[in-house]
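Chemist: Sending over a structure as structure tokens; questions will come in a sec.
The values are calculated or read from the model by the stated rules, or taken from the named source; none is laboratory data. Please read these numbers as outputs of a predicted model, since none were measured by experiment. Ideal geometry is used to build each Cβ from the backbone, glycine not excepted, and the neighbour counts take in all protein chains shown. Each accessible area value is taken on the protein alone, full model and side chains, heavy atoms only, with ligands, DNA and RNA left out. Shrake-Rupley method; radii C 1.70, N 1.55, O 1.52, S 1.80 Å.
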Amino acid sequence: MSTQMVPMHSPEQPQASSNIATTPARYVCFGAFHLDLKKEELFKDGTRIKMQGKVHQALLALLQKPGEIVTREELRTQLWPSDTHVNYDANVNTTVNKLRLVLGDSTEQPAYVETIPRKGYSFIAKIEYADRPPASQVPPTKESLPVTASAEHAAGKPSFFRTALLSRWFAAGVVTLVIVSMLFGAALVLYAHR
């Protein structure tokens, strides 16, 4: 993987959410995640993570100033135009909480987004910039699957997801059978007492 350290912004540039997209590197990598700046997609261990627009914008705003405080006002101006009429404090809190949820982060022991009381937030994870996604985070292709997995697939063994789906239906069937049996038993008891 070719890793290239590139500053996210320079002092003479304004802080705009599109500013991060002007970096020469396409990917921002942190922890198990990599953010594709060109496609505006977040991946965790090669799997795409769905993220709402405002949450994505909040992540970009925090990544522009890694290790520094991004004030609540900076987030507000990047997320909502000045003519938007919303409860900014509640919406900033909600958006950052949704970002934490996407990243699997917590307020008590943050790994990515730290709250700076009465000031704002800081992105605290180590960030690397790359021209390609990390090899460990690229989803495997059919050609790169192990022979055993391909052999199992060819042999017709059900996949994990199919097994899970079938086991849910099986469990639902068993529960239904138990309930029907109990109702039938109760009906027999009532009929016998008449």
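Chemist: Just to be sure before I move on: is residue 139 closer than 30 Å to residue 78 by Cβ, in a loop (DSSP other than H, G, I, E, B), at pLDDT below 90 and under 18 Å from the mean Cα position of the chain (by Cα) in the structure I sent?
Modeler: When the stated conditions are applied, residue 139 does not pass them.
Chemist: Continuing with the same structure: Starting from the range 61-83, keep only residues that are free of Cβ contacts under 8 Å to residues at least 60 places away in the same chain, then list their pairs with residues that are basic (Lys, Arg) whose Cβ atoms are within a distance under 8 Å, requiring at least 6 positions of separation or different chains.
Modeler: 69/119; 71/119; 72/119; 79/54
Chemist: Another question, then. Report whether or not residue 86 is β-branched (Val, Ile, Thr), open to solvent by 40 Å² or more (accessible area, probe 1.4 Å) and modelled with pLDDT under 80.
Modeler: In short, yes.
Chemist: Another one. Given the criterion acidic (Asp, Glu), closer than 22 Å to residue 49 by Cα and modelled with pLDDT of 90 or more, identify the matching residue among 108, 114.
Modeler: One residue alone meets the criteria, 114.
Chemist: Now, a different point. Just to be sure I understand, how many residues within the range 93-134 are part of a strand (DSSP E or B) and small (Gly, Ala, Ser)?
Modeler: The total comes to 3.
Chemist: Pull out all pairs, ordered by first then second residue, where Cβ-Cβ is under 9 Å, the residues are six or more apart or on different chains, the first lies in the range 39-57 and is on the phi < 0 side of the Ramachandran plot and open to solvent by 60 Å² or more (accessible area, probe 1.4 Å), and the second is aromatic (Phe, Trp, Tyr) and at pLDDT 90 or above.
Modeler: Going by the 9 Å Cβ cut-off, the qualifying pairs are 44/33.
Chemist: Which of (1) modelled with pLDDT under 90; (2) in contact with a Pro (Cβ under 9 Å, 6 or more places away or on another chain); (3) not acidic (Asp, Glu) does residue 100 not meet, given it meets every other one?
Modeler: (1)
Chemist: Which of the residues that make up the range 105-119 are surrounded by fewer than 19 Cβ atoms within 10 Å (Cβ to Cβ) and without any contact (Cβ under 8 Å) to a residue 60 or more places away in the chain?
Modeler: 106, 107, 108, 109, 110, 114, 115, 116, 117, 118, 119
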